[in-house]
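Nothing in this text is a laboratory measurement; each read-out follows from the coordinates by a stated rule. Fair warning: this is a prediction, and the values are worked out from it, not measured in the lab. Positions of Cβ are backbone-derived with ideal geometry, glycine not excepted, and every protein chain shown enters the neighbour counts.
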Amino acid sequence: MTRELRDCLGHFATGVTVVTCEIDGVKHGATVNSFTAVSLEPPLVLVSLDRRSKACHHLDNRPFVVNVLKADQGDIAMHFAGRPAARPIPWDGTRIRDSLAHIVCAPWRSYDGGDHVLYLGEVEEIEVHQGDPLVFYRGAFREAGA
């Protein structure tokens with residue numbers, strides 16, 4: 001059932017984000033497509049991270065940034081999914097430069113989500129740029145239609 005469920009869920013196209021934070025001056029990130037808006041009042045978003053991942057525990061009670069990736073940032077998504085990029089990551093603090101959007105969050109709550117941990121962040125700052133989104137569908141990056 002696990003593989004069948006994963007394949008079924010893959011039919012839901014998503015944007016691609018990299019969730020970043022900083023610990024003792026070291027930047028950390030994880031590619032996440034399990035990201036959603038939760039509430040406008042208060043402004044809350046949710047990211048879901050596999051509890052076995054290193055990145056999962058980095059978010060415990062720590063501010064984080066959701067970087068919404070542009071169509072040409074597939075190599076950055078792969079870097080934070082465990083396949084190092086050929087080019088250096090273009091950091092701007094804990095933000096990934098030239099992303100489609102940045103959502104800066106304070107920790108709000110975390111919840112048990114089975115084999116994942118659900119992290120809610122209170123949105124403190126947003127920034128939006130022009131461009132096309134990086135889309136993930138059925139196990140591959142795709143271009144968004146017109």
C-alpha center-to-center spacing [region 89-139, region 1-53] in angstrom
8
Can you bin region 104-146 into rounded, prolate or oblate? Criterion: square roots of the alpha carbon gyration tensor eigenvalues sorted a ≥ b ≥ c, rounded for a/c under 1.5, prolate for a/b above b/c, oblate for the rest.
oblate
Under 8 Å for C-alpha pairs, at least 6 residues apart: give me the relative contact order for the chain, rounded to a whole percent.
29
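How large is the dipole of the chain about the Cα centre if only Lys and Arg carry +1 and Asp and Glu carry -1, each at its Cβ, rounded to the nearest 20 debye?
Dipole about the Cα centre, nearest 20: 500 debye.
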Would you mind classifying region 1-50 by shape? Square roots of the alpha carbon gyration tensor eigenvalues, ordered a ≥ b ≥ c; an a/c under 1.5 is rounded, otherwise it is prolate if a/b is larger than b/c and oblate if not.
oblate
For the chain, projected area of the alpha-carbon convex hull averaged over all directions, nm²:
9.2
